[in-house]
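The values are calculated or read from the model by the stated rules, or taken from the named source; none is laboratory data. Every value quoted in this text rests on a predicted model; they were computed, and no experiment measured them. All Cβ positions, even for glycine, are placed from backbone atoms using ideal geometry, and neighbour counts span all protein chains on display. When the accessible area is computed, the model is the full protein with side chains, heavy atoms only, and any ligands, DNA or RNA have been set aside. Shrake-Rupley method; radii C 1.70, N 1.55, O 1.52, S 1.80 Å.
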Amino acid sequence: MIKAILFDLDNTLLDFMQFKKETAKSAAKAMVEQGIPATEKEIYGKIFSVYQEKGIEYQKTFYEVVAPYSLEPGQAERIQQAGIIAYLKRKFEVLKPYPEVKPTLEKLRKKGLKLGIVTDAPRNKAWQRLIMAGLENEFDFVITYNDTMEFKPHPSPFKLALARLNDNAVSGSEVSGFGTQNRKLETEPDEVLFVGDHPGKDVKGAKAMGMKTALAQYGQHFRTNDEADYVIKKFEELLELAK
Ligand SMILES: [Mg+2]
């Protein structure tokens, strides 16, 4: 019997890739308007090259995009800042949960399931995205990269999630949490369903911990996975799995 569901955040609950694409498009447009000697398409491609090379959470993307061009003093900053502002303006409009995420989470909570997030995102970004998507009150706890300083599939974030599900105090860790309903649950790993879009991180890590796994196939570019117990094409399929 499933007593708890743990979720990856990006591309599982939130349409993160769409968000990165839309914001990159807006930034590229603004940078071309400010005079960067390239087309919008080229700049868009360069933004994604930086993401590819430095990681999608990299904080100096626009600096890296502008740096290779020999621009007059001031012009590089002007273009870079135009890119950042266009990105930020757009980001508040486009980060959305996948369809049916919020009502499904509410139904799962009503069934008495405990819900948590295990994400590799930094803590501040995770909360920013949850609030933008209107999902900040749906979870019993949110475990981010900052809580264990390990990325999935490392066992640490999964172990911490299990500890949280069993209300064990984990000393020295500042686990982001709220709405402590003090629902006492003794939850075994095989009573936990982990939902994620990344076979190598989410499915592999959760499975190694003995959890059940569901691959979010609607999410990223990962279309197949032999390892997951379930594959879901729509978020609301979880209501069937959690029966
Ligand atoms: Mg993901």
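Taken over region 58-91, the criterion of being open to solvent by 50 Å² or more (accessible area, probe 1.4 Å) and not in a helix (DSSP H, G or I) is satisfied by Y58, Q59, K60, A67, P68, S70, E72, P73. Note on region 63-103: among residues that are acidic (D, E) and within 24 Å of the chain's Cα centre (by Cα), the one that is nearest to I117 (Cα to Cα) is E100. Quick check: is even one residue across region 1-24 open to solvent by 50 Å² or more (accessible area, probe 1.4 Å), among the small types (G, A, S) and not in a helix (DSSP H, G or I)? No, that holds for no residue. Report, by residue number, each residue of region 1-51 that is of a type in the set (F, W, Y) and either within 12 Å of the chain's Cα centre (by Cα) or within 16 Å of the ligand (Cβ to nearest atom) (or both). F7, F16, F19, Y51 - these are the residues of region 1-51 that are of a type in the set (F, W, Y) and either within 12 Å of the chain's Cα centre (by Cα) or within 16 Å of the ligand (Cβ to nearest atom) (or both). Taking residues in region 136-158 that are under 23 Å from P97 (Cα atoms), and partners anywhere that are hydroxyl-bearing (S, T, Y) and part of a loop (DSSP other than H, G, I, E, B), the pairs with Cβ atoms closer than 8 Å and at least 6 places apart or on different chains are D140/T180; V142/T119; I143/T119; T144/T119; Y145/T119.
Return a yes/no flag: does region 116-129 have any residue that is over 15 Å from the mean Cα position of the chain (by Cα) and exposed (fewer than 15 other Cβ atoms within 10 Å of the Cβ). For region 116-129, residues over 15 Å from the mean Cα position of the chain (by Cα) and exposed (fewer than 15 other Cβ atoms within 10 Å of the Cβ): absent.
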